[in-house]
Amino acid sequence: MVLRVVVAEDNLLVREGIVTLLEQEETMLVVAAVGSYDELLEAVDREKPDVVVTDIRMPPTETDEGIRAALELRERTPDTGVVVLSQFADPGYALALLNAGSKGRAYLLKDRVSEPSQLVSAIEEVARGGSVIDPQVVDTLVSARAAKPSSPIERLTPREREVLEQMAQGRNNAGIAQALFLSAHAVEKHINSLFSKLGLSEEVDVHRRVKAVLLFLSDQGG
């Protein structure tokens, strides 16, 4: 089976190098080679490729066009695989790429693609609906996660988190019980437990409810 590939890279020499590499493979057919975000989307609409190989930073803004294109294609043509070739081991880019799911997505570092077979294998994998992430990027993601300060919200059980979420929506105990199909006693028990885990047991009730909600919203990024 021959895979139809669109290459998107604003650096002419790099773009031509990728095209030359892929054209040496009998299973690869480069149907378009472009240098900007708009040209990439137009080429996908026109050529209906199996896989897109794209840089991250391209015109018009030279910021995150490759990532935005991958997210756009998830909506437009969900069966189109995307291989992002990047010089950045930035966890933010990788997380943005995988935000809507890892199916059919790959994130490779340019300076670590030492063999043509690595890129070819990644293209074939995403065409099958699989995913490939450079191990160095995985290490960066793990390190970033380990460096993140732990939140007291993480100590709560899933049910206690549900109760706190309802509390954050302004519901009183009776409203929480109704929303979660719990007894009033069960709600009170969960609330006392989460107050304890959040270190709020000694606070006046109205104050600890407010502080608990603030901790929850902070953990959610709100």
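The values are calculated or read from the model by the stated rules, or taken from the named source; none is laboratory data. Everything numeric in this text was worked out from a predicted model, so none of it was measured. Using ideal geometry, Cβ is built from the backbone for each residue, glycine included, and neighbour counts are taken over all protein chains shown.
Structural remarks
- Set 164, 214, 200: member being modelled with pLDDT under 90, out of contact with any Asp or Glu (no Cβ under 6 Å at 6 or more places or on another chain) and either part of a helix (DSSP H, G or I) or acidic (Asp, Glu) (or both): 214
- Residue satisfying all of: in region 150-161; assigned to a helix (DSSP H, G or I) and of a type outside the set (Asp, Glu); surrounded by the fewest Cβ atoms within 10 Å (Cβ to Cβ) among these: 158
- Qualifying residue in region 115-130 (condition: touching a Ser or Thr at 6+ places or on another chain (Cβ under 6 Å), surrounded by 14 or more Cβ atoms within 10 Å (Cβ to Cβ) and closer than 17 Å to residue 40 by Cβ): no
- Search result, residues across region 1-42 that are in a strand (DSSP E or B) and free of Cβ contacts under 8 Å to residues at least 60 places away in the same chain: 4, 6, 7, 29, 30, 31, 32, 33, 34
- Criterion violated by residue 85 - all others in (1) in a helix (DSSP H, G or I); (2) at pLDDT 90 or above; (3) crowded, with 19+ Cβ neighbours inside 10 Å satisfied: (1)
- Breaking point among (1) surrounded by fewer than 24 Cβ atoms within 10 Å (Cβ to Cβ); (2) within 24 Å of residue 140 (Cβ to Cβ), for residue 97: (1)
- In the condition set (1) out of contact with any Asp or Glu (no Cβ under 8 Å at 6 or more places or on another chain); (2) assigned to a loop (DSSP other than H, G, I, E, B); (3) not acidic (Asp, Glu), residue 123 is compliant with all but (2).
- Sub-7 Å Cβ pairs linking a first residue in region 179-195 that is farther than 17 Å from residue 153 by Cα to a second residue that is surrounded by fewer than 15 Cβ atoms within 10 Å (Cβ to Cβ), at least 6 apart or interchain, are 184/174, ordered by first then second residue.
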